[in-house]
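The values are calculated or read from the model by the stated rules, or taken from the named source; none is laboratory data. A quick note: this is a predicted structure, and the numbers were derived from the prediction, not measured. Positions of Cβ are generated from backbone atoms using ideal geometry, with glycine treated the same way; all protein chains shown enter the neighbour counts.
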Ligand SMILES: CCCCCC/C=C\CC(=O)SCCNC(=O)CCNC(=O)[C@H](O)C(C)(C)COP(=O)(O)OP(=O)(O)OC[C@H]1O[C@@H](n2cnc3c(N)ncnc32)[C@H](O)[C@@H]1OP(=O)(O)O
């Protein structure tokens with residue numbers, strides 16, 4: 001069945017030399033293909049099961065900068081067109097962290113042009129992930145604030161490690177506002193009342209709290225996250241693919257179309273908003289507070 005919700009814009013930009021693509025090396029083994037190992041996104045495709053594991057690999061905290069987002073988009077586009085691929089597990093190669101969200105340094109004292117390019121890369125990565133025909137599962141083996149939470153929520157199923165890790169859309173705590181499409185995804189995940197509270201408070205939840213509001217689907221000990229994802233995948237893989245994809249498409253289409261219809265306006269709004277003096281001041285204070293934490 002043809003992929004119904006796939007976007008190609010990042011690849012096209014890469015071919016035109018506008019963005020830097022991932023390493024792009026393909027190594028073939030008996031059952032596994034590994035794409036783009038030199039970059040910030042590692043892809044391990046298991047040809048026997050049709051399950052790809054995509055690991056964010058930008059230590060120490062997998063913050064999402066222009067390069068990571070571009071590499072992620074390209075990796076997702078490749079998997080989408082790989083007929084042997086049925087499912088994708090999104091995970092991290094960095095211990096204790098899923099993703100710290102957007103790289104704050106992309107938003108602080110940056111140029112408007114870079115801001116727009118950065119935002120387009122985020123839009124494309126999200127459109128590819130949320131609109132994927134694949135079964136997508138997030139293996140959350142660490143902290144997952146803000147953009148990290150968006151990536152996890154955009155998967156079909158989330159398994160989180162119990163313990164000290166936190167997840168949530170904490171944007172208001174940085175003095176910024178979650179864009180409408182972040183809000184839409186959270187609304188679709190935990191409903192209106194919980195989203196109102198979560199977004200206004202910029203709430204970060206423990207795994208157990210996240211489970212209680214439906215932000216994650218299962219909480220298990222750290223070592224059990226991957227085996228639990230694999231076990232759950234077995235159930236999902238038994239469902240006839242065409243019926244599952246049509247169902248997913250119909251449930252996500254309105255939210256995807258809302259962004260697709262105003263991508264450029266949304267990117268321009270981001271660049272204007274983030275460069276306001278008051279927002280820059282808040283971000284500066286937040287960066288200082290992260291650094292102070294260490295001293
Ligand atoms: C109209 C539109 C408006 C804009 C909408 C924007 C939408 C989404 C926004 C975001 O995604 S903003 C990012 C929000 N993320 C956070 O608030 C997380 C901040 N980080 C942390 O809380 C912690 O780092 C952690 C994730 C809990 C991990 O803690 P840990 O103790 O393991 O590591 P640290 O020592 O704190 O950090 C190590 C190192 O990384 C730097 N860093 C952390 N997070 C980020 C980040 N998101 N971007 C860039 N850099 C980050 C941190 O400052 C440390 O740096 P050094 O001091 O070692 O240089």
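Would you confirm whether any residue within region 154-177 is within 10 Å of the ligand (Cβ to nearest atom), touching a residue at least 60 places away in the same chain (Cβ under 8 Å) and in a helix (DSSP H, G or I)?
Looking for residues that are within 10 Å of the ligand (Cβ to nearest atom), touching a residue at least 60 places away in the same chain (Cβ under 8 Å) and in a helix (DSSP H, G or I), one finds at least one in region 154-177, hence yes.
Is it true that residue 92 is within 26 Å of residue 175 (Cβ to Cβ) and modelled with pLDDT of 95 or more?
So residue 92 fails the test.
Do you know which residues across region 32-83 are outside any loop (DSSP other than H, G, I, E, B), surrounded by fewer than 21 Cβ atoms within 10 Å (Cβ to Cβ) and modelled with pLDDT under 95?
If the condition is that a residue be outside any loop (DSSP other than H, G, I, E, B), surrounded by fewer than 21 Cβ atoms within 10 Å (Cβ to Cβ) and modelled with pLDDT under 95, then 32, 33, 34 are the ones that fit.
Does residue 151 count as within 11 Å of the ligand (Cβ to nearest atom), closer than 30 Å to residue 246 by Cβ and in contact with a strand residue (DSSP E or B) (Cβ under 8 Å, 6 or more places away or on another chain)?
Answer is yes for this residue.
Does region 117-144 hold any residues that are in contact with a helix residue (DSSP H, G or I) (Cβ under 9 Å, 6 or more places away or on another chain) and within 12 Å of the ligand (Cβ to nearest atom), and which are they?
Across region 117-144, the qualifying residues are 118, 119, 122, 123, 126, 142, 144.
Residues of region 221-276 being over 19 Å from the mean Cα position of the chain (by Cα) and within 16 Å of the ligand (Cβ to nearest atom), which ones?
222, 262, 264, 265, 268, 269, 271, 272, 273, 274, 275, 276
Considering only region 178-197, state which residues are within 13 Å of the ligand (Cβ to nearest atom), under 22 Å from residue 271 (Cα atoms) and assigned to a helix (DSSP H, G or I).
Within region 178-197, 180, 181, 182, 183, 185 meet the criteria.
Pairs, please: C-beta under 7 Å, at least 6 apart or cross-chain, first residue over 19 Å from residue 120 (Cα atoms) and in region 265-281, second in a helix (DSSP H, G or I) and within 11 Å of the ligand (Cβ to nearest atom)?
Within 7 Å, the pairs are 279/273.
List the helices (runs of 4 or more DSSP H) inside region 198-295, counting only whole elements, that have at least 3 residues being surrounded by fewer than 16 Cβ atoms within 10 Å (Cβ to Cβ).
225-237, 241-260, 263-274, 277-294
Do any residues in region 222-245 that are within 14 Å of residue 86 (Cβ to Cβ) have Cβ atoms under 7 Å from those of residues that are loosely packed, with under 12 Cβ neighbours inside 10 Å, where the two are at least six apart or on different chains, and which pairs are they?
From residues that are within 14 Å of residue 86 (Cβ to Cβ), the pairs are 241/1; 242/1; 245/1.
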